[in-house]
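> What follows is a single structure, and I will ask about it in a moment.
The values are calculated or read from the model by the stated rules, or taken from the named source; none is laboratory data. Keep in mind that this is a model prediction, so the values were computed, not measured. Reconstructed Cβ throughout: ideal geometry from the backbone, glycine too, with neighbour counts over all protein chains shown.
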Amino acid sequence: MTNASAKDEIVPVDPTDLAESLRNPIDYRKSGLSLNHIVGCPLDCAYCVRHLFDAFDLRTPRSIIDDHEAVRRLTGHPLFRPDITPLQLFNRATDPFLPAVKPHTFRVVHELDARGLRNHLLLITRYHVSEQDCRFLNSLKNLRVTLFVTYSGITDERIEPVSSRIAARSLQTAFREADRYRTVLYWRPIVRGLNDTEGHIHAARELAETAHATAFTGLFFRDEMRTYYRSIGLPEPYEDVARRKILPEDCEERILKIFDGAPLFRKSSCAASFAHGEADYNGHFGIPEICDICPATQREVCRNHHLKPERARIDTLLAEAGSPDAAYRFRNGAIEVDGLEEEERYFLQHALAYQIHDVRHPHKPRRHGRADIGWTE
Ligand code: SF4
């Protein structure tokens, strides 16, 4: 395991100095339980989700709690289930491979692995990944690790000051060295008119040859991002903002045409699951239109594992989540719930490997959970 050196030391921060949304180092999202006890990033991507946490100015990584305590809280979280709950590390407000953050990343991963946990663990980076880093990941015995390397091909340094060439090199190294872990080309954010030309798509298609799978997605463009774009005079990528990621229909069509034949996924959990030879742990198979680009062999794997859950099992999980009386019904390959918090919904989804939708946010046909912008009815 990599040891922290003096230059790597991260200074603790008093959580009360942070925006409230950043103080809690653990939250449950669609991707699983997410641990973020270090916050702050100097990479300055204009569309960074740090805008949402009122933390874009936090450029030096700081720790809220120490690594051991972080692991203790993560595995002691009431909704954590050994071997089942997917985990993510430092995906909210920093990059796990920044030089100062990396020793903490590896310490947490090592400690989780030493506990014998077989959970999926997703690490997302756009920074340098070395052969030594790969040796560490290969040394793990239990966790199912997937390294997502974020690559966009955007060359406007006002939007992405860090060159996509770094990500491309990291992915090539990680793929070449992979033994016990898997790699995903995380091609994002794809923005109409910015990085969706034929040249961009062909470049991503070529890079996909050096990954076990590719996941592609659009741009989060919320009010907070728009305010920032305006404040520094950047052209706005879309006329409007949206709650969900934006990926227009024509972008997707052109991508699918050129990517024909490579394992390409609309959902990151599908890419991770395929890379490990398993069924999707988010149960997207219940929504067949998501799967129409998936390799036939993988569809078979998912088909064999996609089981409609029994009501008794759902009721037990609802009780475990603390909402025994929540109303639900089976609908269109998913369970539609009313009145569950987001973390309870995703807890159920991962425990059942079956889609759980919130009645307040209906999924529209063919949108694949994306914003309406750029799609025809
Ligand atoms: S078959 Fe569907 S659910 Fe399974 S990995 Fe492929 S796209 Fe995802």
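> State the number of residues belonging to the range 255-304 that are farther than 21 Å from Arg370 by Cα, among the acidic types (Asp, Glu) and near the ligand (Cβ under 10 Å from one of its atoms).
Residues that pass the stated criteria total 2.
> Answer yes or no as to whether Gly374 is away from the ligand (no atom under 14 Å from the Cβ) and either polar (S, T, N, Q) or touching a Pro at 6+ places or on another chain (Cβ under 8 Å) (or both).
Numbers: away from the ligand (no atom under 14 Å from the Cβ): yes; either polar (S, T, N, Q) or touching a Pro at 6+ places or on another chain (Cβ under 8 Å) (or both): yes.
Criteria met by Gly374.
> Another one. Among the residues of the range 320-338 satisfying the criterion of being part of a loop (DSSP other than H, G, I, E, B) and within 16 Å of the ligand (Cβ to nearest atom), which is modelled with the lowest pLDDT? Give the steps one after another, and end with the answer.
If we filter the range 320-338 for residues that are part of a loop (DSSP other than H, G, I, E, B), which is where we start, we get 321-326, 332-333.
After this cut, where a residue has to be within 16 Å of the ligand (Cβ to nearest atom) as well, the list is 332-333.
Values: Asn332: 89, Gly333: 92.
Among them, the one singled out is Asn332.
> If you don't mind, another one. Phe330 passes all but one of (1) loosely packed, with under 15 Cβ neighbours inside 10 Å; (2) out of contact with any helix residue (DSSP H, G or I) (no Cβ under 8 Å at 6 or more places or on another chain); (3) over 18 Å from His363 (Cβ atoms); which number fails?
(3)
> Can you spot a residue in the range 210-228 that is assigned to a helix (DSSP H, G or I), free of Cβ contacts under 8 Å to residues at least 60 places away in the same chain and within 30 Å of Glu177 (Cβ to Cβ)?
So far as the range 210-228 goes, yes, one or more of its residues are assigned to a helix (DSSP H, G or I), free of Cβ contacts under 8 Å to residues at least 60 places away in the same chain and within 30 Å of Glu177 (Cβ to Cβ).
> Residues that are charged (D, E, K, R), more than 16 Å from the ligand (Cβ to nearest atom), out of contact with any strand residue (DSSP E or B) (no Cβ under 8 Å at 6 or more places or on another chain) and closer than 20 Å to Lys364 by Cβ: does the range 227-242 have at least one? Step through it out loud before you land on a result.
The initial filter retains those residues of the range 227-242 that are charged (D, E, K, R), namely 230, 236, 239-240.
With the extra rule that they be more than 16 Å from the ligand (Cβ to nearest atom), the set shrinks to 230, 236, 239-240.
Imposing the further condition that a residue be out of contact with any strand residue (DSSP E or B) (no Cβ under 8 Å at 6 or more places or on another chain) reduces the set to 230, 236, 239-240.
Among the residues that remain, those that are also closer than 20 Å to Lys364 by Cβ are: 239-240.
Checking the range 227-242: at least one residue is charged (D, E, K, R), more than 16 Å from the ligand (Cβ to nearest atom), out of contact with any strand residue (DSSP E or B) (no Cβ under 8 Å at 6 or more places or on another chain) and closer than 20 Å to Lys364 by Cβ.
> Turning to a different aspect of this structure: Any idea how many residues of the range 306-357 are more than 27 Å from the chain's Cα centre (by Cα) and within 23 Å of His120 (Cβ to Cβ)?
2
Results for (1) in contact with a Gly (Cβ under 8 Å, 6 or more places away or on another chain); (2) surrounded by fewer than 20 Cβ atoms within 10 Å (Cβ to Cβ); (3) not in a strand (DSSP E or B), shown as yes or no for each residue.
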position: Leu340; (1), (2), (3): no, no, yes
position: Arg345; (1), (2), (3): no, no, yes
position: Gln349; (1), (2), (3): yes, no, yes
position: His357; (1), (2), (3): no, no, no
position: Pro362; (1), (2), (3): no, yes, yes
position: Arg366; (1), (2), (3): no, yes, yes
position: Arg370; (1), (2), (3): yes, no, yes
position: Thr376; (1), (2), (3): no, yes, yes
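> Go over the candidates Arg266, Arg226, Arg205 one by one and state the one that is surrounded by 17 or more Cβ atoms within 10 Å (Cβ to Cβ), charged (D, E, K, R), under 19 Å from Thr150 (Cβ atoms) and over 20 Å from the mean Cα position of the chain (by Cα). Before you say what the answer is, go through the steps one by one.
Values: Arg266 fails: over 20 Å from the mean Cα position of the chain (by Cα); Arg226 fails: under 19 Å from Thr150 (Cβ atoms).
So the residue among Arg266, Arg226, Arg205 that is surrounded by 17 or more Cβ atoms within 10 Å (Cβ to Cβ), charged (D, E, K, R), under 19 Å from Thr150 (Cβ atoms) and over 20 Å from the mean Cα position of the chain (by Cα) is Arg205.
> Let me ask you something else. What are the pairs, 6+ residues apart or on separate chains, where a residue within the range 294-319 that is assigned to a loop (DSSP other than H, G, I, E, B) has its Cβ under 6 Å from a residue that is near the ligand (Cβ under 8 Å from one of its atoms) and at pLDDT 95 or above?
Between residues of the range 294-319 that are assigned to a loop (DSSP other than H, G, I, E, B) and residues that are near the ligand (Cβ under 8 Å from one of its atoms) and at pLDDT 95 or above, the close pairs are His306/Phe285.
> Next question. Looking at the structure I just gave you, is Asn195 within 16 Å of the ligand (Cβ to nearest atom) and either surrounded by 15 or more Cβ atoms within 10 Å (Cβ to Cβ) or among the small types (Gly, Ala, Ser) (or both)?
On the way: within 16 Å of the ligand (Cβ to nearest atom): no; either surrounded by 15 or more Cβ atoms within 10 Å (Cβ to Cβ) or among the small types (Gly, Ala, Ser) (or both): yes.
No, not satisfied.
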